[in-house]
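First comes the structure, then the notes that go with it.
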Amino acid sequence: VGQKYADLGYFPFVPHMSTAFMRGNADFFIDGCLEVVKRLHRKTDIMVMLKGWRKSRGAVKEHNLAKYRRLKIVYEKAEA
């Protein structure tokens with residue numbers, strides 16, 4: 001899915017891939033990803049949610065912040 005959006009001209013930030021091989025407290029990584037969401041621009045950036053996103057505590061927090069900030073959210077039907 002990240003490649004799909006790269007092909008559309010977006011630079012994909014894929015949180016679960018960015019932190020996949022790191023050790024540490026999950027909250028540290030969730031907080032870092034939330035900081036990225038805070039820096040997204042309402043007019044030019046989008047958040048893409050994959051099928052099953054509600055099962056991830058971090059994805060739920062990212063989604064809630066994006067909704068609060070009124071960012072554009074795209075819901076992908078395909079699983080990555």
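The values are calculated or read from the model by the stated rules, or taken from the named source; none is laboratory data. Only a predicted model underlies this, so the values are computations on that prediction, with no experimental measurement involved. Note that each Cβ is placed from the backbone with ideal geometry, even for glycine, and that neighbours are counted across all protein chains shown. These accessible areas exclude ligands, DNA and RNA; they are computed on the full protein's heavy atoms, side chains included. Shrake-Rupley method; radii C 1.70, N 1.55, O 1.52, S 1.80 Å.
A few notes on this one:
- Residues considered: Lys51, Lys72, Lys43, Lys4. Of these, the only one that is modelled with pLDDT under 90 and basic (Lys, Arg) is Lys43.
- Val14 surrounded by 10 or more Cβ atoms within 10 Å (Cβ to Cβ) and modelled with pLDDT under 95: yes
- Lone qualifier among Lys43, Lys4, Lys51 - being open to solvent by 50 Å² or more (accessible area, probe 1.4 Å), part of a helix (DSSP H, G or I), charged (D, E, K, R) and without any contact (Cβ under 8 Å) to a residue 40 or more places away in the chain: Lys4
- Check on Val36, touching a Pro at 6+ places or on another chain (Cβ under 9 Å), open to solvent by 40 Å² or more (accessible area, probe 1.4 Å) and of a type in the set (Val, Ile, Thr): yes
- Restricting region 60-74 to residues that are in contact (Cβ under 8 Å) with a residue 24 or more places away in the chain and in contact with a helix residue (DSSP H, G or I) (Cβ under 8 Å, 6 or more places away or on another chain), the residue that is most open to solvent (accessible area, probe 1.4 Å): Lys61
- Remark: pairs (first residue in region 8-30, within 14 Å of Met47 (Cα to Cα); second residue open to solvent by 100 Å² or more (accessible area, probe 1.4 Å) and of a type outside the set (Asp, Glu); Cβ separation under 8 Å; 6+ apart in sequence or on different chains) = Pro12/Gln3.
- Search result, residues across region 20-33 that are open to solvent by 40 Å² or more (accessible area, probe 1.4 Å) and closer than 19 Å to Tyr5 by Cβ: Ala20
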